[in-house]
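Colleague: Questions regarding the structure given below will be posed in turn.
The values are calculated or read from the model by the stated rules, or taken from the named source; none is laboratory data. All values derive from a computational prediction rather than experimental measurement. Because the Cβ atoms are built from the backbone with ideal geometry, glycine has one as well, and the counts that use them run over all protein chains shown. Protein only, heavy atoms only, side chains kept; ligands, DNA and RNA dropped before computing areas. Shrake-Rupley method; radii C 1.70, N 1.55, O 1.52, S 1.80 Å.
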Amino acid sequence: MAQHPSHHDQLRRLNRARGQLEGVVKMINEGRYCVDILTQLRAARSALRAVEDGVLRTHVQHCIQDELAKGRTSGPNERIDELIDVLTRYGR
């Protein structure tokens, strides 16, 4: 099996999202205005979506293409089914 691709490049985005969530906790503890909290939550969600998109892109580009490159007939379909299941289960 090929080496699994790294998602190290997503750490910057994850750290940004973590900082935004920590900011939300601080805002709630300080009793900040609801709309300001919602704005910060939307920013954190956007950062997490960017991570998700990056991991998804890596999965398609590496994990699925790896199966295709090896000439496997069931591997790519299993990977695609697995991906669709995750996206369906958690919504998109």
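Colleague: Towards the positive end of the charge dipole of segment 1-49, with charges on Cβ (+1 Lys, Arg; -1 Asp, Glu), say which of THR39, LEU21, HIS7 has the farthest Cα.
Modeller: HIS7
Colleague: Per residue and in cubic angstrom, what volume does the convex hull of the Cα atoms of the chain have?
Modeller: 96
Colleague: Contour minus end-to-end for ASN15 and TYR33, with contour as 0.36 nm per residue of separation and end-to-end as the Cα-Cα distance?
Modeller: 4.0 nm
Colleague: Hey, another quick one. Ignoring ligands, DNA and RNA, what percent of the accessible area of the chain is carbon or sulfur (1.4 Å)?
Modeller: Its accessible area is 54 percent carbon and sulfur atoms.
Colleague: Sticking with this structure for a sec: If I stretch the segment between HIS62 and TYR90 completely, what's the gain in nm (0.36 nm per residue apart, minus their alpha carbon distance), one decimal?
Modeller: 7.9 nm
Colleague: Relative contact order of the chain: what whole-number percent is it, with Cα pairs under 8 angstrom and at least 6 residues apart?
Modeller: That works out to 30 percent.
Colleague: Relative to the longest principal Cα axis of the chain, at what angle does helix 75-90 sit, 0 to 90 degrees, rounded to 10?
Modeller: 20
Colleague: Further question on the same structure: Can you work out the accessible area per residue across the chain, with the rest of the protein chains kept in place, probe 1.4 Å, in square angstrom?
Modeller: Per residue, the chain has an accessible area of 75 Å².
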